[in-house]
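The structure under discussion appears below in the form of structure tokens.
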Amino acid sequence: MKLWRKPFDYIEPATTPAQIYIDKERCKGCGYCVEFCPRGILKISSELSPKGYYLAMVDDESKCLACGFCEVICPEFAIKLSTIYSSAS
């Protein structure tokens, strides 16, 4: 079967790598980020926050699409996504 176009990640990844920062003071362990992550890279850890909630954590950052959905869906604004730009010289 011949496709009329190539997929975005045919030769190289379509997105730049990203780092996910989770603020332990703000996270209340609601699990929205875990539930709605398209790649399933977030999970609930066994670590407790200072308020007594189980924290969300990054399982495998290399699979991150840098879509920013976890940052948008977090009701407590506890997740910050930072894209990593490589300087071409």
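Here is how the numbers come out for the structure above:
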| read-out | value |
| --- | --- |
| All positions within the stretch 18-35 that are within 15 Å of Asp59 (Cβ to Cβ), assigned to a helix (DSSP H, G or I) and touching a residue at least 12 places away in the same chain (Cβ under 8 Å) | Cys33, Val34 |
| Qualifying position, being surrounded by 15 or more Cβ atoms within 10 Å (Cβ to Cβ) and modelled with pLDDT under 90, among Ala78, Ala18, Ala56, Ala14 | Ala18 |
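The values are calculated or read from the model by the stated rules, or taken from the named source; none is laboratory data. Nothing here was measured: the structure is a model prediction, and the numbers come from that model. All Cβ positions, glycine included, derive from the backbone under ideal geometry; neighbour counts span all protein chains shown.
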